[in-house]
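The values are calculated or read from the model by the stated rules, or taken from the named source; none is laboratory data. Bear in mind that the values here come from a model prediction, so they are computed numbers and not experimental data. Glycine also receives a Cβ, built like all others from the backbone with ideal geometry; neighbour counts cover every protein chain displayed.
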């Protein structure tokens, strides 16, 4: 059985550092984490570019927009009406509780903040943890479909393993380091997109294959 440390080492050697999440500010990461639900990153970039082009990528400016206008701007991400509502709920939470201050929200303890984020309608565990890790530099491991697929195929988890079980596997067996968690998750996503495909995986070419 491959250890997590060995998997990370092999992926890092093959792909190199990933420098993820691509954004100009922590707030942009937060918005991107919500918009990327059920879509690919290329679509999120188009929506973010729309907001930037209209000089609206600021909490108060976005919140002042009507739901209809916001939905039009983020249309490339799909499910834009639903995501506009989710984004507005998050903005309300961010403004009401932290006055849109990255410093104030960052000062909150990670587990307490995680529970607060999960209380916002439309924010699930993956989105909350993406905000915590990538926007706020909190040491928490993000779990997604790529991660579960890879671990399952390498017999590190069982089919019925839930989010908490998979997350605990990383949290309990790796040093709690933001940079490590950041890069490791990004490397797993890269592996899932290029080799460990849902259908017709390229196992013979996989960097984790002992050939």
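I'd like the full set of residues that are touching a residue at least 24 places away in the same chain (Cβ under 8 Å) and buried (at least 22 other Cβ atoms within 10 Å of the Cβ), limited to the range 128-139.
In the first step, residues of the range 128-139 are kept if they are touching a residue at least 24 places away in the same chain (Cβ under 8 Å); the result is 129-131, 133-139.
Correct list: 129, 130, 131, 133, 134, 135.
Take the residues of the range 108-127 that are touching a residue at least 12 places away in the same chain (Cβ under 8 Å) and assigned to a helix (DSSP H, G or I): which is farthest from residue 188 (Cα to Cα)?
If we take residues in the range 108-127 being touching a residue at least 12 places away in the same chain (Cβ under 8 Å) and assigned to a helix (DSSP H, G or I), then 116 is farthest from residue 188 (Cα to Cα).
Answer yes or no as to whether residue 110 is closer than 25 Å to residue 7 by Cβ and either surrounded by 22 or more Cβ atoms within 10 Å (Cβ to Cβ) or in the same structural domain as residue 66 (by TED's automatic domain parsing) (or both). Before the answer, list the steps.
Working: closer than 25 Å to residue 7 by Cβ: yes; either surrounded by 22 or more Cβ atoms within 10 Å (Cβ to Cβ) or in the same structural domain as residue 66 (by TED's automatic domain parsing) (or both): yes.
Yes, satisfied.
In the range 140-155, what residues are assigned to a loop (DSSP other than H, G, I, E, B) and either modelled with pLDDT of 95 or more or surrounded by 17 or more Cβ atoms within 10 Å (Cβ to Cβ) (or both)?
140, 141, 142, 143, 144
Out of curiosity, is residue 158 under 25 Å from residue 108 (Cα atoms), part of a loop (DSSP other than H, G, I, E, B), outside the structural domain of residue 42 (by TED's automatic domain parsing) and out of contact with any strand residue (DSSP E or B) (no Cβ under 9 Å at 6 or more places or on another chain)?
Values: under 25 Å from residue 108 (Cα atoms): no; part of a loop (DSSP other than H, G, I, E, B): yes; outside the structural domain of residue 42 (by TED's automatic domain parsing): yes; out of contact with any strand residue (DSSP E or B) (no Cβ under 9 Å at 6 or more places or on another chain): yes.
The answer is no for residue 158.
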